[in-house]
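For reference, the structure discussed in these notes is given below.
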């Protein structure tokens, strides 16, 4: 098995800002690993909502996470800005594999954003009917937005 490597910013299509919070740090002085998964979910879903591909309150479909994974390369900590790079690795009939790279953003101590990701991971959404929770074909509005992430 090949050891995962940190990737450059150019490997991602879209970036979203994330602000760290005091509560994100653990006793070791860096962001706790479980927070990264929350950032993945937040970055992708916010992008889909903002681009009209997902209605989390009244939409006929929703994405359920069926797989997730993360590799860590460098620590992130409060107070620090984070930039989440997003891309689509694969879109199937009813599922999408999103990949996210987390980069230290610019701040007073480091005016240039981090060149390679501090962490990268993925999660797979299976899109299902809201009422039946059975898989549905990816809706056209979602497919259009996914194209911007490939």
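Structure values in brief
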read-out: From 68, 20, residue being touching a residue at least 12 places away in the same chain (Cβ under 8 Å) and over 28 Å from residue 135 (Cα atoms); value: 20
read-out: Set 65, 124: member being in contact with a strand residue (DSSP E or B) (Cβ under 9 Å, 6 or more places away or on another chain), buried (at least 18 other Cβ atoms within 10 Å of the Cβ), at pLDDT 95 or above and not in a loop (DSSP other than H, G, I, E, B); value: 124
read-out: Count of the stretch 1-35 residues which are assigned to a loop (DSSP other than H, G, I, E, B) and crowded, with 16+ Cβ neighbours inside 10 Å; value: 5
read-out: Residue in the stretch 36-45 that is in a strand (DSSP E or B), closer than 22 Å to residue 148 by Cα and modelled with pLDDT of 95 or more present; value: no
read-out: Single condition residue 144 does not satisfy, out of (1) assigned to a loop (DSSP other than H, G, I, E, B); (2) more than 30 Å from residue 26 (Cβ to Cβ); (3) out of contact with any helix residue (DSSP H, G or I) (no Cβ under 8 Å at 6 or more places or on another chain); (4) touching a residue at least 40 places away in the same chain (Cβ under 8 Å); value: (1)
read-out: The stretch 53-62 - residue that is part of a loop (DSSP other than H, G, I, E, B) and more than 17 Å from the chain's Cα centre (by Cα) and, of those, surrounded by the most Cβ atoms within 10 Å (Cβ to Cβ); value: 59
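The values are calculated or read from the model by the stated rules, or taken from the named source; none is laboratory data. Predicted model, so just to flag it, every value in this text is computed and none were measured. Quick reminder, even Gly has a Cβ in these numbers, built from the backbone with ideal geometry, and neighbours come from all protein chains shown.
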